[in-house]
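Student: What follows is a structure written as structure tokens; I'll ask about it next.
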Amino acid sequence: MTSGLITKNSTLIIGGGGYIGSYLAQLLISSGKDVTVLGRSKSPRYNLPERANYISGDFSDQKLICKLLEEHQEVVHLAYATVPNTSFENPLADLLQNLPATVQLFKEIARRNLRLLLVSSGGTVYGEAFSTPIDETHPAKPISPYGVTKLTLENYAYLYAKTHGLQFVCIRPGNAYGVGQRPFIGQGFISTAIASSIKNRPIKMFGENGTIRDYLYVEDMASGIAFALEKGHISETYNLGSSVGRSNLDIIREITPLMAEINCTIDIEYLPERSFDVKANILDSSKLKKHTGWIQNTNFSDGLSITRDWLWSNRNEF
């Protein structure tokens, strides 16, 4: 997975103590980089490699962030204070918690002439798709506060590139899944569906078939981010996904025989559709592949099997 990555620089991952960040830190360290992770919690929410330097703090702390930027050559910005459903409940808080600190971060990165990878959202910035799979030229008309703020951050990055010389690459990822993803936290339909079956709970599905999403195994997600950081073109935006759409009902149908193998059954609780859920989001990642050479390594059926095995082995932990 690290083949083709160039070993250079030290990397600051803001918000790297989460699920995707933990895999990204391991990948970058394996490629020879020195990695520092900045997270808000006292300790990372997910296990980081021993060689990662974890610092507890908020990137809105200008003194702290300036000190860290002086010590690194590139930055991955993964931090975000909310998720789509909580942003809908309080859109003003979503904006105030995420926009000012990130715009200040852009300014400080530009002052130091560092390279930035901005991790946006492929699932929310486009809004309802006119056609699928969605490429980067598709109009961006988000229908959730989360998506509006993410798109606003992208626009500020372009503004600072034009006015302050910010060297950034933007990536819009799909839905990560895989080993280590905790269920029942408001994100991660696959892990929550499998864990619901294990715990003999109904799987909540909004609408008759649920939403259609682009799912990518977490190691491939981290790999795509790493390739965009290393080889992405400055001021370009890249989709990162599998280019295959699956509805919630499709997922349930695929996990049903896997759960039967461990004597677990499936029960579905149908709920009304949510207004902020985009009906279908399938990402065309051909631009990222062309510019960086990134490829997807884990097929969906294999990813489901190893995710199920991990959740079963850790069923007493959730």
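Student: What spacing in nm lies between the two simple spin-label points modelled at ARG253 and SER275, each 7 Å away from Cα in the Cβ direction?
Tutor: My value for the distance between the label points is 3.2 nm.
Student: Determine the principal axes of the Cα atoms in the stretch 160-266, then give the extent along each, sorted from largest to smallest and rounded to whole angstroms.
Tutor: Computed over the Cα atoms, the extents are 57, 26, 24 Å.
Student: Distance between Cα centroids, the stretch 7-86 to the stretch 157-204: provide it in whole Å.
Tutor: So the two Cα centres are separated by 16 Å.
Student: Mind ranking 234-241, 151-158 by how tightly packed they are, going by the mean number of other C-beta atoms within 10 angstrom, highest first? All intermediate terms of the calculation are to be shown ahead of the outcome.
Tutor: Details: 234-241: 21.9, 151-158: 18.5.
The packing order, highest mean first, is 234-241, 151-158.
Student: Which of VAL244, VAL35, VAL76 moves the most in a Gaussian network model of the chain with Cα springs under 10 Å?
Tutor: VAL244
Student: Something else: Please report the Cα spread of the stretch 72-173 along all three principal axes, rounded to whole Å, starting with the longest.
Tutor: Rounded to whole Å, the extents work out to 38, 30, 21 Å.
Student: Ranked from highest to lowest mean number of other Cβ atoms within 10 Å per residue, what is the order of the peptides 91-100, 123-132?
Tutor: Values: 91-100: 15.6, 123-132: 18.6.
Order by mean packing, descending: 123-132, 91-100.
Since every read-out is calculated from the coordinates, none of them should be taken as a lab result. Since the structure is predicted, the reported quantities are computational estimates derived from the model, not experimental observations. Don't worry about glycine lacking a Cβ; one is built from the backbone with ideal geometry, like all the others, and counts go over all protein chains shown.
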